[in-house]
Ligand code: SF4
């Protein structure tokens, strides 16, 4: 019974995130300085909780502009090692596009 409840809770949380990034950091460091897990954490947290002020703080004040997703040069190196098979280049672009509109 508990296993089923936990599985359902995990499934519900997963549905509310943009991607399944678990912040494993296997794909770091990015040769161009993109902080991949942090970009996805901010993006996924915003999707789950919708806290605009907290998201703005995390993205615009706490994060160095040189590590944001728009610095991605689309080399593809990170996607070769991502255990979740995330489309990192595409998702970084989507994350930046959405988060940068919050300003
Ligand atoms: S695809 Fe982008 S985020 Fe991934 S390693 Fe290359 S530059 Fe970095």
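The values are calculated or read from the model by the stated rules, or taken from the named source; none is laboratory data. What you see is a predicted model; the values in this text were computed from it and never measured. As a convention, Cβ positions derive from the backbone with ideal geometry for all residues, glycine included, and neighbour counts pool all protein chains shown.
Scanning for something within 16 Å of the ligand (Cβ to nearest atom) and assigned to a helix (DSSP H, G or I), does segment 10-25 turn up at least one residue?
No.
Here are some conditions: (1) touching a residue at least 12 places away in the same chain (Cβ under 8 Å); (2) away from the ligand (no atom under 14 Å from the Cβ); (3) assigned to a helix (DSSP H, G or I); (4) in contact with a helix residue (DSSP H, G or I) (Cβ under 8 Å, 6 or more places away or on another chain). Residue 54 meets all but one. Which one does it not meet?
Only one criterion is unmet by residue 54, namely (1).
Taking into account only those residues within segment 22-36 that are modelled with pLDDT of 90 or more and surrounded by 16 or more Cβ atoms within 10 Å (Cβ to Cβ), which is farthest from residue 96 (Cα to Cα)?
Among those residues, the one meeting the criterion is 30.
Matching residues to (1) under 12 Å from the mean Cα position of the chain (by Cα); (2) within 10 Å of the ligand (Cβ to nearest atom):
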position	(1), (2)
60	no, no
65	no, no
68	yes, no
71	no, yes
75	no, yes
78	no, yes
81	no, yes
93	yes, yes
